[in-house]
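The values are calculated or read from the model by the stated rules, or taken from the named source; none is laboratory data. Just so you know, these numbers come straight off a predicted model, no measurement behind them. With ideal geometry, Cβ positions are generated from the backbone for all residues, glycine too; neighbour counts draw on all protein chains shown. Side chains are part of the model used for accessible areas, which takes the heavy atoms of the whole protein and leaves out ligands, DNA and RNA. Shrake-Rupley method; radii C 1.70, N 1.55, O 1.52, S 1.80 Å.
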Amino acid sequence: MKIRIGVGLGAGVGPTGFADAIDQLEAAGVDSVWLSEVVLSHQVDPFVGMAYALSRTTRLKVGTGVAVLPGRHPMLVAKQLASLAGLAPRRVLPVFGLQPARRRERGLFPIPTGQRGAVFDESIQVLRKALRQERVNHHGTFFDIEDAGVGPLPAKPLDVWLGGSAPAALRRIGRWADGWLASFVTPQQAARGRATIQAAAAEAGREIEEDHFGCTLVLATDGIPPALAAAIRERQPDLDPAELVAHSWSDARRLVEQYVEAGLSKFVIVPSATSPAFGEFLDGFTTELMPLQN
């Protein structure tokens, strides 16, 4: 499997430092950069950031890690992705999730009460059709589309990955997605999640490529920020947040190696809010983690 390790631009990089960070990543030969969707913050919007980053680089791949799909019309999202892929072939890596990680942002992506999962399922189906078919016809519960297309499509269809780790999320990935980008799971949980996804894919008559399983890992060299610890506890109440965060570069390397043993091969390393300046972080990344790529 091809092991690839990218960098997530965390809370420490806003609009004023964005261009410089992108230029540093390109110059260092980093595989990819990943942009989170955190609306009520100074972080750059992932779709705007993708366009900007792709326009000033020639090799760096750019992904969303992750963007929210329910609450957006999937045809509009398909248009954005097809346009980006046409402008920067083979460098667009979309990953979507069910809802924002921050509770106070969930109302920004309105969905009928109790229907978010169902809307997500149908949105993925429409999005995949729009990225693979010149003309789309879809008549479902939430979307009604007649003979519509988003323009020229990529020569190679874009892979659409999903996040999430709940049982329903894993089954959804197996049924509809092309890959999994996990977060805040142990290597053992990652291995079980991978098996669940593969079983759901087989049941649906599909197959997910062996190297389409990955994980986001936060590096917190100065301790876990309280907000991050609280978010981890909400998702994994039975685990100490320290088990799911790298505390040093050697710790990050150890965790990546454990995830590889669990069957994962794609990684996003994100500096915590209290980590060193981006240049210092990137120096550590290129020295300690890039050699793990094959």
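Structural remarks
- Residue in region 223-241 that is in contact (Cβ under 8 Å) with a residue 24 or more places away in the chain and acidic (Asp, Glu) present: no
- Test: residue in region 186-206 that is assigned to a loop (DSSP other than H, G, I, E, B) and closer than 23 Å to ALA101 by Cβ: yes
- Selection of strands (runs of 3 or more DSSP E) fully inside region 75-170 by the criterion of at least 1 residues being surrounded by 15 or more Cβ atoms within 10 Å (Cβ to Cβ) and without any contact (Cβ under 8 Å) to a residue 60 or more places away in the chain returns 136-139.
- When restricted to residues that are part of a helix (DSSP H, G or I) and crowded, with 18+ Cβ neighbours inside 10 Å, region 208-230 contains 1.
- Failed condition for VAL260, given (1) in contact (Cβ under 8 Å) with a residue 24 or more places away in the chain; (2) in a helix (DSSP H, G or I); (3) open to solvent by 80 Å² or more (accessible area, probe 1.4 Å): (3)
- Among the conditions (1) open to solvent by less than 80 Å² (accessible area, probe 1.4 Å); (2) out of contact with any Gly (no Cβ under 8 Å at 6 or more places or on another chain), ARG233 misses just one, which is (1).
- So SER248, is it loosely packed, with under 15 Cβ neighbours inside 10 Å, closer than 22 Å to ILE3 by Cβ and hydroxyl-bearing (Ser, Thr, Tyr): yes
- Single residue of region 263-274 satisfying the filter (in a loop (DSSP other than H, G, I, E, B) and open to solvent by 20 Å² or more (accessible area, probe 1.4 Å)) that is modelled with the lowest pLDDT: THR274
- GLY284 fulfils the conditions (1) touching a Gly at 6+ places or on another chain (Cβ under 8 Å); (2) modelled with pLDDT of 95 or more except for a single criterion, (1).
- Tally, over region 19-53, of residues that are open to solvent by 10 Å² or more (accessible area, probe 1.4 Å) and in a helix (DSSP H, G or I): 11
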